[in-house]
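Novice: Sharing a structure here in structure tokens format.
The values are calculated or read from the model by the stated rules, or taken from the named source; none is laboratory data. Only a predicted model underlies this, so the values are computations on that prediction, with no experimental measurement involved. In this analysis, Cβ positions are derived from the backbone assuming ideal geometry, glycine residues included, and neighbour counts consider all displayed protein chains. These accessible areas exclude ligands, DNA and RNA; they are computed on the full protein's heavy atoms, side chains included. Shrake-Rupley method; radii C 1.70, N 1.55, O 1.52, S 1.80 Å.
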Amino acid sequence: CCVGAESKVHIVYLGEKQHHDPEVVTESHHQMLWSILGSKEAAHDSMVYSYRHGFSAFAAKLTDSQVNQLSELPEVVHVKPDRFYELRTTRTSDYLKHTTKHPKNLLNQTNMGDQSIIGVVDSGIWPESESFNDNGIGPIPKRWKGRCDSKQSFNGSTVCNRKLIGAKYFVSGLLGGADESNWNITENPEYVSPRDFNGHGTHVAATAAGSWVPDASYLALGRGIARGGAPRARVAMYKACWHVASAGIAICSEADLLKAIDEAIHDGVDVLSISVSFQIPLRPEVDARDAIAVGAFHAVAKGIPVLCSGGNDGPASQTVTNTAPWIITVAATTQDRSFPTVITLGNNVTIVAQAMYQGPEMDFGLVYPEGPEASNETFSGACEDLYKNPARIIKEKIVLCFTKATDFGTVSKAASDVIELGGYGVIVARNLGYLINPCGGYPCLAVDYELGTDILFYIHSTRSSPVAKIRPTRTLNGLPVATKVATFSARGPSSISPAILKPDIAAPGLSILAATSPNDTSNDRGFSMKSGTSMSTPVVAGIVALLKSLHPDWSPAAFRSAIVTTAWRTDPYGEQIFAEGSSRKVADPFDYGGGIVNPENAAEPGLIYDMGSEDYILYLCSTGYNDSSISQLVGRVTVCSNPKPSVLDVNLPSITIPNLKDEVNLTRTVTNVGPVDL
């Protein structure tokens, strides 16, 4: 049948594995494919991955006809085409009061996480970074079953150590099942190995568990000790995200992500940190197309807390992703650090912008590109269109432009266009709160629309040539820098189940200093500053790893409860937390969940709201998933009650009631994990 029909990678999800021996599980997958494809050889050639540790599934190259045949088998939950996710992209420890300054603190109580293993699913790792040195770290825990793969530019036997104890990579899904030798290194620079190309995975791993690095700095904007949240915890990297030059971003195949999570479960990680998400609309949590939700369910069932980024599509409501109740979903805040850059206009008015400019003081003409309406030339003050302006307008000037765009790429492109036209720098008026980065030594400054308009009015009002003086950036720590939920941080409520409060927790995720790859364009002596919920997620993952060292018998839900119920609802200085966006307001739980993570208080929460498989089944039934899908996911026959249970009774450490009109009764069960008062 179907000679010449196109084969594409699909994920065949079978639910909970039916046998404890992984080899038997894999053999059953080959047998199933054999029955459809007609030969053992065809089944072997078709198979991409066998998921055999945390759950039972396989990825295979299938035609539409073969997909239909497999879908009709009674043991198959569903067959879905592979799809792709995106990566969502120091001072933090001091800000969170997560230090060793006092004898009794979480770091000292847990030997800084020496026995914890943090699994990171991301873009790989740069093992030579000082952040992964193993100075002062003890032997590798005997329970560890992972390994370090050796492949292109990555010799696992020499670059791994007592700190970096695991490094694997998964690319078959991205390549559509083709052999990895088909990767075109010339057209798409990457390392077909656990080595990190773009620096994202290195940054995430170092933020979670980076070793102590004295005298770390970035562009002379600050200097001090860099370390992760759990500086002696072990790191296991599972590379499932790949730099794709044509897309300009790192892409993660669903099939590769599932395999990474499956391997992490087998290897024995204590915590999983996944800074990967996708845009709405969200997929059902029992659907293998939501690889993270399904993989995380099986990890949590094995006692592994899974922390995921909430996404960077804020500040609009209902944009939060990774919303399954068994996942700890992390939002991003600013911290008590800013990078003020002073602009003095020709009328002696001083304006404070944000930038990372460390060049010489500049004193040049200032221009907003505009010209007579009757002109045949193009004049544009939109940041995206600066390249259209005549060079004589831009030459030897500092340029003001306006944009609605939220990504740093627009700022970088505007600066590049100005320099190309002979200009000296750019002032970008936009919605603040987004990522700022250096622009190759040239000043690219960000101001809000109000300040941008003030500058524009000055340009219009001056009779002589307008000028501006720009001074190098300074670093300001502590008060009076206010803490805010970052503009980009995705907001709740959940678009799948608004009664499940998401995000769960917030942590600093703006301008986080950590290790990176030398290929990273923002690399400065092995470090870079990155922003996103990708950065806030490993902050919390490192803290959860320490908590698990202190409380090894707690469930993943217990850790979520501990950090949510003890979080700061003001900043650590007692000041209000604001939510950045088109209209600034005081932050609420749809912005930051329980609040900003408080490591020391989370170690002793007193009472917790615990959850296990029965609570997750209650949630799945209340949400309306059918019995067979739930049964396959949880690995046993499950029949939902009739009438179905109330989602309001899911034992979360929060109460969220959508469309409240009348009196509502709901239940919560608390467990005492503190001292017993006799």
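Novice: Summing Lys, Arg as +1 and Asp, Glu as -1, what charge do residues with Cβ under 11 Å from the Cβ of residue 37 carry, residue 37 excluded?
Specialist: Details: positive: 40, 61; negative: 41, 45.
That works out to 0.
Novice: Can you give the log10 of the normalised intensity I(q)/I(0) at q = 0.18, 0.19, 0.23, 0.30 Å⁻¹, computed with Debye over equal Cα scatterers of the range 613-672?
Specialist: Each listed q corresponds, in turn, to -0.69, -0.75, -0.97, -1.27.
Novice: Restrict the search to the range 363-467; then list the trypsin sites (Lys or Arg not before Pro) that DSSP places in a loop and that have at most 10 other Cβ atoms within 10 Å of their Cβ.
Specialist: Working: sites: 388, 392, 395, 397, 404, 413, 430, 463; in loops: 395, 404, 430, 463.
In loop regions of the range 363-467 (DSSP not H, G, I, E or B), the sparsely surrounded trypsin sites (Lys or Arg not before Pro) are 463.
Novice: Treating the range 8-81 as a set of equal point scatterers at the Cα positions, no solvent, please give the Debye-formula log₁₀ I(q)/I(0) at q = 0.18, 0.23, 0.28 Å⁻¹.
Specialist: With one equal scatterer per Cα and no solvent, log10 I(q)/I(0) is -0.60, -1.01, -1.49.
Novice: Looking at the range 345-452, which GluC sites (Glu not before Pro) are in a loop (DSSP not H, G, I, E or B) and have at most 13 other Cβ atoms within 10 Å? Intermediate results must be reported in sequence, preceding the final value.
Specialist: On the way: sites: 361, 370, 373, 377, 384, 396, 420, 450; in loops: 361, 370, 373, 377, 396.
Here the GluC sites (Glu not before Pro) that fit, given the DSSP loop and packing criteria, are 361, 373, 377, 396.
Novice: Quick one: work out the % antiparallel among DSSP beta bridges in the chain, nearest 5. Before the final figure, lay out the partial values.
Specialist: Details: 55 of 98 bridges.
Taking every DSSP beta bridge with both residues in the chain, the antiparallel ones total about 55 percent.
Novice: A further question follows. Ignoring any ligand, DNA or RNA, what whole percent of the accessible area of the range 298-406 comes from carbon and sulfur when the probe is 1.4 angstrom? Could the numbers behind the result be given before it?
Specialist: Working: 1950 of 4070 Å².
On the range 298-406, the fraction of accessible area on carbon and sulfur atoms equals 48 percent.
Novice: Quickly rank 206-214, 75-83 as a protection proxy: mean count of other C-beta atoms within 10 Å, highest first. Don't jump to the answer; show the numbers that get you there.
Specialist: Values: 206-214: 26.2, 75-83: 18.4.
Taking the mean over residues of other Cβ atoms within 10 Å, the ranking is 206-214, 75-83.
Novice: A further question on this structure: Tell me, what are the semi-axes, in whole angstrom and largest first, of the equivalent ellipsoid of the range 341-474 as set by the roots of 5 times the Cα gyration tensor eigenvalues? Don't skip to the end; give the middle numbers.
Specialist: On the way: eigenvalues 81, 59, 40 Å².
Result for the range 341-474: semi-axes of 20, 17, 14 Å.
Novice: Mind ordering 139-151, 622-634, 253-265 by average Cβ neighbours within 10 Å, highest first?
Specialist: Working: 139-151: 14.5, 622-634: 18.2, 253-265: 28.4.
The peptides rank, most packed first, as 253-265, 622-634, 139-151.
Novice: Ignoring ligands, DNA and RNA, what percent of the 1.4 Å accessible area of the range 8-81 is carbon and sulfur?
Specialist: Summing carbon and sulfur atoms, their accessible area is 49 percent of the total for the range 8-81.
Novice: Using modelled backbone amide H atoms (1.01 Å from N, in-plane), which distant-in-sequence or interchain residues come within less than 5 Å of residue 151's amide H?
Specialist: Amide H to amide H, under 5 Å and 5 or more residues apart or across chains, residue 151 pairs with 156.
Novice: Treating cross-link reach as a plain straight distance, find the lysines whose alpha-carbon is under 27 Å from the alpha-carbon of residue 397, omitting any fewer than eight places away in the same chain.
Specialist: Qualifying lysines at Cα under 27 Å: 388, 413, 469.
Novice: Within the range 235-354, what percent of beta bridges assigned by DSSP are antiparallel, to the nearest 5? All intermediate terms of the calculation are to be shown ahead of the outcome.
Specialist: Numbers: 9 of 15 bridges.
Taking every DSSP beta bridge with both residues in the range 235-354, the antiparallel ones total about 60 percent.
Novice: Of all the C-alpha pairs in the range 555-678, what % are more than 20 Å from each other?
Specialist: Counting pairs separated by more than 20 Å, the tail of P(r) holds 58 percent.
Novice: Assigning unit charges at the beta carbon (Lys, Arg +1; Asp, Glu -1) and nothing else, what dipole magnitude in debye, to the nearest 20, does the chain show about its Cα centre?
Specialist: Details: 56 positive and 69 negative charges, 272 e Å.
With Lys and Arg at +1 and Asp and Glu at -1, about 1300 debye.
Novice: Filter the cross-link list 502/530; 17/61; 168/548; 80/145 down to pairs whose alpha-carbon distance in this structure exceeds 27 Å. Can you show the working numbers first?
Specialist: Details: 502/530 23 Å; 17/61 21 Å; 168/548 24 Å; 80/145 31 Å.
Where the Cα-Cα span goes over 27 Å, the pairs concerned are 80/145.
Novice: Beyond 37 Å, what share of the Cα-Cα pairs of the chain is found? Please give it as a whole percent. List each step's numbers first, then the result.
Specialist: Working: 90357 of 229503 pairs.
Tail of P(r) above 37 Å: 39 percent of Cα pairs.
Novice: Using only the alpha-carbon atoms of the range 293-355, report the extent along each of the three principal axes, biggest first, to the nearest angstrom.
Specialist: 64, 22, 13
Novice: Residue 11: accessible area at probe 1.4 Å, nearest 10 Å²?
Specialist: 0 Å²
Novice: Sticking with this structure for a sec: Can you run phi through the Karplus equation (6.51, -1.76, 1.60; θ = phi - 60°) for the range 77-83 and list ³J(HN,Hα) in whole Hz, with x for Gly and Pro?
Specialist: Residue by residue, the range 77-83 yields 6, 6, 10, 10, x, 5, 9 Hz.
Novice: Let me check something: with ligands and nucleic acids excluded, how do 671, 350, 521 order by accessible area (1.4 Å probe), largest to smallest? Could you put the intermediate results ahead of the total?
Specialist: Numbers: 671 60, 350 85, 521 145 Å².
Output order, biggest surface exposure first: 521, 350, 671.
Novice: Quick one: check the C-alpha center-to-center distance for the range 595-648 versus the range 530-552, whole angstrom.
Specialist: 22 Å
Novice: Follow-up question, since we're still on this one. What ranking do 644-652, 188-196, 509-517 get when scored by the average of other Cβ atoms within 10 Å per residue, highest first?
Specialist: Working: 644-652: 19.0, 188-196: 22.4, 509-517: 28.0.
Ranking the peptides 644-652, 188-196, 509-517 by packing returns 509-517, 188-196, 644-652.
Novice: Okay, helix-only estimate at 222 nm for the chain: each DSSP H run of n ≥ 4 adds -39500 (n - 2.57), divide by all residues, round to 500 deg cm²/dmol; what do you get? Don't skip to the answer; put the middle values down first.
Specialist: Details: 18 runs with 164 residues, N = 678.
When only DSSP H runs of four or more count, the value is -7000 deg cm²/dmol.
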